[in-house]
Amino acid sequence: MKRRTLLQWGATGAVTSAVPHFSLAMSRSPQYDYVLTASEQTLPLVDGGLTPGLAFNGQFPAPVIRAKQGKPLRIHFINKLAQETTIHWHGIRLDNAMDGVPYLTQPPIKPGESFDYEFTCPDAGTFWYHPHMHSIEQLGKGLVGALIVEETEAQNFDREVILGFKDWRLNKDGSFMPLSEPRHAARAGTLGNIATVNGKQLPVIDVPGNASLRLRLLNMDNSRQFAISLGEHQASLLAIDAMPVVPRSLTTQDLAVGMRLDIGITTPAEIGTEIAVYDVKGRFYQKIGSLRVSDVLRNTPPPPPKALPPNPVSEPDLSNAEKLSFVFEWAGAMTPVTSDGHAMNEFWTINRRAWSSMSHKNLPEPLAELQLGKSYIFDLYNATPHGHPIHLHGLIFKVLKSDKKDITPFFTDTILLEKNERAQIALVADNPGQWMYHCHVIEHMKTGLMGYISVS
Ligand code: C2O
Ligand code: CU
Ligand code: CU
């Protein structure tokens with residue numbers, strides 16, 4: 001079998017092949033077939049020394065997994081970590097059994113064991129993958145990667161540039177500082193002190209001039225919320241969380257934890273010109289990386305980027321939708337003790353319930369039970385003074401409105417609720433299963449802000 005394992009970060013990143021894997025027990029022939037291994041791996045992130053990280057296939061950035069819309073994909077995953085794990089395919093509307101949530105959709109994959117994830121991606125776009133166990137540590141130490149689903153028809157870009165954002169909490173010698181501190185977990189989340197794009201601090205990525213580029217930005221950090229701008233450079237926003245939007249000029253666009261943006265730009269013809277990527281905080285533009293024109297592709301500029309083809313997401317029937325409401329609240333500093341004597345912080349709740357640790361004994365009732373095929377409107381209220389990127393697995397929802405900002409309705413898998421914001425989203429419950437519903441600030445999720453929704 002031929003492996004399609006072109007693993008590329010940035011426009012000119014290293015191209016690596018994954019280890020071939022041969023299996024006799026194949027029921028069908030996946031078009032894309034990968035072997036993915038998680039293991040401990042020292043990573044060169046700072047000058048002072050190596051970081052004892054965790055990595056997929058021994059590398060950071062992790063291999064970029066590529067699939068084609070509507071075509072089966074198989075990932076043979078091997079757990080070489082010292083702890084249990086599962087892998088989740090963020091944003092993919094897949095079969096519930098492949099969603100990678102321990103206890104809810106599959107048993108944890110024990111150290112030394114493997115699991116075959118096989119699914120078909122109905123939607124094209126920029127997605128990502130990460131463990132769904134021991135997440136503060138496993139994601140925080142490097143187990144995050146891009147999953148790109150290509151459109152059925154090739155799009156008209158000269159190049160694609162993947163920009164994966166992740167911060168690290170490191171001492172000068174490269175060792176980890178504590179990844180979570182309760183006082184931060186109880187607020188906005190514990191932030192890293194070393195910011196990286198594709199594993200590099202402030203990278204300058206070479207791109208061709210007079211070229212049409214598709215930028216794929218991914219926020220794979222545990223806690224940091226970005227607001228992306230390309231400064232003065234003309235750019236079009238093409239998709240939010242893999243879901244195409246009517247192209248509009250990019251000003252400053254939220255890229256909350258877990259979210260992705262597809263942006264189209266045309267590069268200038270002058271060699272050496274830099275296009276900076278900024279994270280905007282109020283009036284302050286912090287540069288996080290840049291693109292630099294290194295050669296010229298053609299003599300005249302290409303046509304401006306066009307809209308991406310829509311994904312086959314069902315339009316919710318608003319007039320017949322059932323309304324459900326979800327309140328995200330601060331629960332105070334209770335410290336209940338688990339059966340094994342561990343103190344456990346529960347800071348956050350959804351509809352007055354906190355769910356902070358997952359085990360087979362600790363599976364709560366779903367937050368809501370939806371009827372397969374029916375439309376729903378969720379009323380979301382963030383009753384806390386902190387932002388929460390609320391993410392739903394397995395389903396794509398439409399953001400309808402908010403009491404804090406003007407919304408042009410758009411489809412997404414994660415919505416950033418600002419402090420005290422109330423928003424309405426709608427969806428068709430068209431994918432059966434138990435779907436996690438949680439804040440993607442990993443410490444918030446781990447201290448109560450998670451639950452699941454059942455569709456049947
Ligand atoms: Cu990125 Cu539960 O997900
Ligand atoms: Cu997800
Ligand atoms: Cu949160």
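Contact annotation: residue pairs with Cβ atoms under 6 Å, 6 or more positions apart or on different chains, pairing a residue in segment 379-397 that is polar (S, T, N, Q) with a partner that is within 14 Å of ligand 3 (Cβ to nearest atom), are Asn382/Phe328; Asn382/His388; Asn382/Leu417; Asn382/Glu421; Thr384/Trp330.
With respect to the conditions (1) surrounded by fewer than 22 Cβ atoms within 10 Å (Cβ to Cβ); (2) within 16 Å of ligand 1 (Cβ to nearest atom); (3) of a type in the set (D, E, K, R), Lys405 lacks only one, and its number is (2).
Given the structure, is Tyr117 surrounded by fewer than 18 Cβ atoms within 10 Å (Cβ to Cβ) and aromatic (Phe, Trp, Tyr)? Here the answer is no, as Tyr117 does not meet what is asked. Among the residues here, Ser236 qualifies as under 30 Å from Gln69 (Cβ atoms), in a strand (DSSP E or B) and not hydrophobic (A, V, I, L, M, F, W, C). Scanning segment 363-378 for residues that are among the small types (Gly, Ala, Ser) and closer than 11 Å to Leu324 by Cβ yields a single hit, Ala368. Filtering segment 263-275 down to residues that are of a type in the set (Ser, Thr, Tyr) and surrounded by 19 or more Cβ atoms within 10 Å (Cβ to Cβ), which residue is nearest to Thr251 (Cα to Cα)? Ranking the candidates gives Thr266 first.
In segment 385-404, the qualifying residues are those that are under 23 Å from the mean Cα position of the chain (by Cα) and under 21 Å from Gly332 (Cβ atoms), and the one that is nearest to ligand 3 (Cβ to nearest atom) is His388. Asn311 - would you say it is at pLDDT 95 or above, under 20 Å from Lys398 (Cα atoms) and exposed (fewer than 14 other Cβ atoms within 10 Å of the Cβ)? Taking the combined requirement at face value, the residue does not satisfy it. Among all positions in segment 30-37, there is no residue which is aliphatic (A, V, I, L, M) and surrounded by fewer than 16 Cβ atoms within 10 Å (Cβ to Cβ). Inside segment 264-319, can you point out the residues that are of a type in the set (Ser, Thr, Tyr) and either closer than 30 Å to Val428 by Cα or in a strand (DSSP E or B) (or both)? Scanning segment 264-319 gives Thr266, Tyr278, Tyr285, Ser290, Ser294, Ser314, Ser319.
Considering each residue of segment 425-439 in turn, at least one proves to be away from ligand 1 (no atom under 16 Å from the Cβ), surrounded by fewer than 22 Cβ atoms within 10 Å (Cβ to Cβ), under 29 Å from Ala97 (Cβ atoms) and not hydrophobic (A, V, I, L, M, F, W, C). Taking Ile78 as the residue in question, decide whether it is away from ligand 3 (no atom under 16 Å from the Cβ), touching a residue at least 40 places away in the same chain (Cβ under 8 Å), touching a strand residue (DSSP E or B) at 6+ places or on another chain (Cβ under 6 Å) and farther than 24 Å from Thr196 by Cβ. Taking the combined requirement at face value, the residue satisfies it. Can you confirm whether Ala426 is away from ligand 3 (no atom under 12 Å from the Cβ), out of contact with any helix residue (DSSP H, G or I) (no Cβ under 9 Å at 6 or more places or on another chain) and among the small types (Gly, Ala, Ser)? Spelling it out, it is not the case that Ala426 is away from ligand 3 (no atom under 12 Å from the Cβ), out of contact with any helix residue (DSSP H, G or I) (no Cβ under 9 Å at 6 or more places or on another chain) and among the small types (Gly, Ala, Ser).
The strands (runs of 3 or more DSSP E) located wholly in segment 87-182 that include 3 or more residues which are within 16 Å of ligand 2 (Cβ to nearest atom) occupy 87-90, 125-131, 145-150. Annotation note: of Asp262, Asp221, the sole residue that is modelled with pLDDT of 95 or more, more than 16 Å from ligand 2 (Cβ to nearest atom), closer than 22 Å to Leu392 by Cβ and under 17 Å from the mean Cα position of the chain (by Cα) is Asp262. Where residues in segment 440-456 are out of contact with any helix residue (DSSP H, G or I) (no Cβ under 7 Å at 6 or more places or on another chain) and in a loop (DSSP other than H, G, I, E, B), which of them is farthest from ligand 1 (Cβ to nearest atom)? Only one residue tops the list, namely Ser456. Selection over segment 383-393 of residues that are within 10 Å of ligand 1 (Cβ to nearest atom) and either small (Gly, Ala, Ser) or under 16 Å from Leu370 (Cα atoms) (or both) gives a count of 2. If you scan segment 229-241, which residues turn out to be closer than 12 Å to Ile265 by Cβ and touching a Leu at 6+ places or on another chain (Cβ under 8 Å)? Within segment 229-241, Leu230, Ala235, Ser236, Leu237, Leu238 qualify. Condition check for Tyr278 on (1) surrounded by fewer than 16 Cβ atoms within 10 Å (Cβ to Cβ); (2) at pLDDT 95 or above: one failure, at (1).
What are the residues in segment 367-394 that are under 28 Å from Glu418 (Cβ atoms), away from ligand 2 (no atom under 16 Å from the Cβ) and not aliphatic (A, V, I, L, M), if any? Once the filter is applied, which keeps residues that are under 28 Å from Glu418 (Cβ atoms), away from ligand 2 (no atom under 16 Å from the Cβ) and not aliphatic (A, V, I, L, M), segment 367-394 yields Ser375, Tyr376, Phe378, Asp379, Tyr381, Asn382, Thr384, Pro385, His386, Gly387.
The values are calculated or read from the model by the stated rules, or taken from the named source; none is laboratory data. Note that the structure is a prediction, hence the values are computed from the model and not measured. Methodologically, a virtual Cβ is constructed for each residue, glycine included, from the backbone with ideal geometry; neighbour enumeration extends over all protein chains shown.
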